[in-house]
1. For the structure I just gave you, tell me whether A:Thr167 is in contact with a strand residue (DSSP E or B) (Cβ under 9 Å, 6 or more places away or on another chain) and touching a residue at least 60 places away in the same chain (Cβ under 8 Å).
2. Do we have any residue at all in the stretch A:387-405 that's farther than 24 Å from A:Met297 by Cβ and touching a helix residue (DSSP H, G or I) at 6+ places or on another chain (Cβ under 7 Å)?
3. A:Gly262 versus (1) in contact with a Phe, Trp or Tyr (Cβ under 9 Å, 6 or more places away or on another chain); (2) at negative phi: which is the lone unmet condition?
4. Within the stretch A:224-260, count every residue that is touching a residue at least 24 places away in the same chain (Cβ under 8 Å), away from every other protein chain (no Cβ under 13 Å) and not small (Gly, Ala, Ser).
5. Which one is modelled with the lowest pLDDT, of the residues in the stretch B:45-58 that are of a type outside the set (Phe, Trp, Tyr) and under 13 Å from B:Phe100 (Cα atoms)?
6. Based on this model, can you work out whether A:Ile205 counts as modelled with pLDDT of 95 or more, in a loop (DSSP other than H, G, I, E, B) and within 10 Å of chain B (Cβ to nearest Cβ)?
7. Within the stretch B:62-76, track down each residue that is farther than 20 Å from A:Leu198 by Cα, touching a residue at least 12 places away in the same chain (Cβ under 8 Å) and at the interface with chain A (Cβ under 9 Å from one of its Cβ atoms).
8. Looking at A:Ala312, A:Ala351 in this structure, which one is more than 21 Å from A:Thr248 (Cα to Cα) and not polar (S, T, N, Q)?
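The values are calculated or read from the model by the stated rules, or taken from the named source; none is laboratory data. None of these values were measured; they are calculated from a predicted model. Glycine gets a Cβ as well: all are built from the backbone with ideal geometry, and neighbour counts include every protein chain shown.
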Amino acid sequence: MKAMIVGTGVLALALAGGATMAQDASPAGNYVTREEYQKLKGQLDTMKQEMDTLRKERAAQQVQLVQANKATQDRMQQEELDKIIDDMQKDIRENRSLLSGLRSGTTRLLIAGDVSAGFTARRGENSTFEATFAPLFLWQINERILFEGALDIAVERNGVGENETATDLTIANISYLVNNNLAITAGLFVVPFSTYHLHFDPPWINKFPDDPLAFGGNAIAPSSEIGVMGSGGILIGGTRLTYALYVTNGPSVITDDPNAAGSLDFDNFTDLNNDKAVGGRLGFLPIPELEVGYSLMRASVNPESFTKNVNALLMAGDANYVKELDWLRGTITLRAEWVWSNVEDVTYHPAGSSALRFDNDRNGGYATVAYRPTKADSKVIRNLEFAVRYDSLDVSRKAPDGDFEQRWTFGIDYWLAPNAVIKFAYQVDDKDVGEDQNAFLIQFGLGI
Amino acid sequence: MLHTRIGTGLALAALAVALGVALIGCSSDSATPGATTKPAAIASAHPPKGGAELWAQTCGQCHNLRSPSEFNGSEWQVIVYQMRLRAGLTGDQQKTITDFLKSATR
């Protein structure tokens, strides 16, 4: 372009020079005619116009070039800026994670647990609000060692009719990971006798506001025991086997209470007869969605002062199946646990009562079906869960607390969050001996 | 004694129903039209899993899945340790789930 402009200029000067020479030559008679002059002038004007056009085009191109350079510079600056911001954000995340890990209470010690607030209106009893708080403390000493401690704190009315805050230590143990398939736990731990207390009793997991009879107030299954346990899991082919073997102080049989003689006391954590309880559970997962298990516990349960050694044998079967099924447009939960308890027949002489001797077999458990439409379009519908539970407890009629009680509980839950649920339930109760106690229950459960 | 038998029968029935539905679930899944046939090596009930799948299956069997962002990496490490003890997981499964949750918190 530049060469073209220079060339055009040279040509214009040459023509102008030619015209001057022609005028200078005119006195010699070799003059330029008016017509030739006009022609040359026209050519010069045309060239001037072309030069002006070229100058304008060049200026426009220079403007475009400057703009393009500016855009490139801006883009490069933006890329550099983005990279700096990314680096800064990465540093912030890393520092935040580091600081979070160093924050008191989170490095190794984690406080978790659950809270519940509820209301129960049961026939034959005063309706009442209830509240519980169960903090859980987890402290990982290193890669292999974990401390686990938990309390159950609740407000309740004591034996003389006064309100008090009951605080129970339910877990206090240390675990050591031996290898890929074995962990040793020592202290006060949740006994893997069946699975209700092991997995399902926290209020944000339990689909009902209360416990099944066999695992509740008059339980025939242990919850926590003091002792030592080996547990773990083994992958076998396409399946998984879980196991737990433990030795504990074991439960004790109530001998002096005329209203409860023969019942096992699972809240007595001291060994009364120097004969330890031995038990275990085998679980099997043929597919990931299904686990079936069998539990066994054998214990001498008599106090040392008791006249005769009394043995107890407890057994339990459990099954848990959870799966999201397309054809149901939701998640189905099928869960069942059953406990059989046999305490050796002996004669009890409780204070203020005549001698008691009876067939001391008990059994109880529950079966639950729950459905949550997790594939529904509506969020409100997805958060609902419908659950039905059958539970029963059968105690020999000759025992002081003998009865057969069975209940159907119909529940609707609304999940506010994965760890927060409001539960409504109506319970139809049927007792052979005592008065039926239908109940309406509400509970808000929260996992911390 | 009658009640004992009824209770026992109900428990066995519940177990049978659980097993039955499990088998139905398996068969219906495998019979899904258009489902991709899995290679024999990973067609077992417990194929080698990524952390997300293992986390969803093992933890989801007992409770709702809580968001990975709810706890930081250190906290998840402690939680999954405890869950290994409760659920009878192997050490490898514990590590796989922990690694996934740590990566998901970032």
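1. No: the conditions fail for A:Thr167.
2. yes
3. Unmet condition: (2).
4. 13
5. Among residues in the stretch B:45-58 that are of a type outside the set (Phe, Trp, Tyr) and under 13 Å from B:Phe100 (Cα atoms), the one modelled with the lowest pLDDT is B:Lys49.
6. So A:Ile205 passes the test.
7. B:Phe71, B:Asn72, B:Gly73
8. None of the others qualify; the one that does is A:Ala351.
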